[in-house]
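Q: Structure incoming, see below.
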Amino acid sequence: KFETLAADMGLRGYPGETALLFDADGTGWALVRREAGDKAAQLGRARPPYAEWTWKGLGEHIGGPALTRAPDGRLLAAVRLYTPKTRTALCWIDPDAGRLTEALSLPSGGDTSYAGILWHDGLLWMSYYASHEGKACIYLARVALPPPAGRR
């Protein structure tokens, strides 16, 4: 049985693919791909009972989002980016500034995206598919991410 919590979340621009993340304090996050208007991804934030969302545009068109928190607390997304070329990338998200910053481009291209991400033993394990080698294949990456600027 499902119950509607928010019939209209206030998001426009033909929203579609969405990654959800819930923090230990109950804060809900939604990273949303949009296919109309400026197509900029939107990051939503809500507190329980998740009926009222606030949104920030991230300035980039994305696809196939996955969302997690790094061990240091930063928001990290795996997404398809489109410019200057299509690729699967890891991106930091600054929720206060509404900024998405590419951290790492994975070997990828063509039809690519839909990552699965998991932190394990200090590394980010990531599966995704890409067709840059001629046919669509599934890849597994283990990624050691650098500390935030100013931290060592």
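The values are calculated or read from the model by the stated rules, or taken from the named source; none is laboratory data. Being a predicted model, the structure only gives us computed values, none of them experimental. Cβ coordinates were reconstructed from backbone atoms using ideal geometry, including for glycine residues, and neighbour counts include every protein chain displayed. Note: accessible area is taken over every heavy atom of the protein model, side chains too, but ligands, DNA and RNA are not part of it. Shrake-Rupley method; radii C 1.70, N 1.55, O 1.52, S 1.80 Å.
Q: Just a yes or no: is a residue in the range 36-56 closer than 23 Å to Pro107 by Cα and either open to solvent by 10 Å² or more (accessible area, probe 1.4 Å) or among the acidic types (Asp, Glu) (or both)?
A: Taking every residue of the range 36-56 in turn, none turns out to be closer than 23 Å to Pro107 by Cα and either open to solvent by 10 Å² or more (accessible area, probe 1.4 Å) or among the acidic types (Asp, Glu) (or both).
Q: Could you say whether any residue in the range 79-92 is open to solvent by 40 Å² or more (accessible area, probe 1.4 Å), at positive phi and not acidic (Asp, Glu)?
A: No: the range 79-92 contains no residue that is open to solvent by 40 Å² or more (accessible area, probe 1.4 Å), at positive phi and not acidic (Asp, Glu).
Q: Which one is nearest to Ala77 (Cα to Cα) among residues in the range 133-143 that are open to solvent by less than 80 Å² (accessible area, probe 1.4 Å) and without any contact (Cβ under 8 Å) to a residue 40 or more places away in the chain?
A: The extreme case among them is Ala141.
Q: Also, quick follow-up: Residue pairs, Cβ under 9 Å, 6 or more apart or interchain, first in the range 21-38 and free of Cβ contacts under 8 Å to residues at least 12 places away in the same chain and in a loop (DSSP other than H, G, I, E, B), second of a type outside the set (A, V, I, L, M, F, W, C) and open to solvent by 40 Å² or more (accessible area, probe 1.4 Å). List them.
A: From residues that are free of Cβ contacts under 8 Å to residues at least 12 places away in the same chain and in a loop (DSSP other than H, G, I, E, B), the pairs are Asp25/Arg47.
Q: From Ser113, Ser108, which residue is open to solvent by less than 60 Å² (accessible area, probe 1.4 Å), more than 17 Å from Trp29 (Cβ to Cβ) and modelled with pLDDT under 95?
A: Within the list Ser113, Ser108, the selection yields Ser113.
Q: Working only within the range 11-20, note down all residues that are farther than 18 Å from Thr101 by Cα and either open to solvent by 50 Å² or more (accessible area, probe 1.4 Å) or not in a loop (DSSP other than H, G, I, E, B) (or both).
A: Of everything in the range 11-20, those that are farther than 18 Å from Thr101 by Cα and either open to solvent by 50 Å² or more (accessible area, probe 1.4 Å) or not in a loop (DSSP other than H, G, I, E, B) (or both) turn out to be Arg12, Tyr14, Pro15, Gly16, Glu17, Thr18, Leu20.
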